[in-house]
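Single-structure report; data block below.
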Amino acid sequence: MIRRIIAFTLLLALLSSILSKLFVYAEFKSNQAYIAATLCENRDRPELNCEGKCYLMKKLKDAEDKEKKQENQTQKKASVDLFFLNETAAPALVITVPAKKKPSIQKFELPEFNREIAHPPSLSC
């Protein structure tokens, strides 16, 4: 049950960032008459036939800038560093997180392989 709630919450978070432009456009269409009459920059010049589209473009640009800003913040928060620990040259993956949590170190070791040369079985009649 909790997994479904978490999955649904994550899905909503992803969809809200993807559909932000759709929400802006839907809000514009529902209030277009009010926007054209009061908020439009070109309401004094009816020959342009703006009808609030300048306001819509401004809001879409703001939504896009906000989306890029959030993307840059998430890239800064989660960075992955790969370096070698010990003399055995085993790579370790360190995930850097905000200062509230300690970084977790995960060691990576390659499995040992049999180094003998494989030969096909001999046929004796």
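Taking the criterion of being out of contact with any helix residue (DSSP H, G or I) (no Cβ under 9 Å at 6 or more places or on another chain) and modelled with pLDDT under 85, the residues of region 19-30 that qualify are 19, 22. Here region 86-113 is the region considered, the condition is being modelled with pLDDT under 75 and of a type in the set (S, T, N, Q), and the residue that is farthest from residue 75 (Cα to Cα) is 88. Cβ-Cβ distances below 6 Å connect the following pairs, each with a first residue in region 43-70 that is surrounded by 12 or more Cβ atoms within 10 Å (Cβ to Cβ), a second residue that is in a helix (DSSP H, G or I) and small (Gly, Ala, Ser), and a separation of six or more residues or different chains: 51/36; 52/36; 63/20.
Within region 77-85, the presence of at least one residue that is among the β-branched types (Val, Ile, Thr), loosely packed, with under 10 Cβ neighbours inside 10 Å, modelled with pLDDT under 80 and over 30 Å from residue 21 (Cβ atoms) is confirmed.
The values are calculated or read from the model by the stated rules, or taken from the named source; none is laboratory data. What you see is a predicted model, and the numbers here were worked out from it, not measured in a lab. Cβ coordinates were reconstructed from backbone atoms using ideal geometry, including for glycine residues, and neighbour counts include every protein chain displayed.
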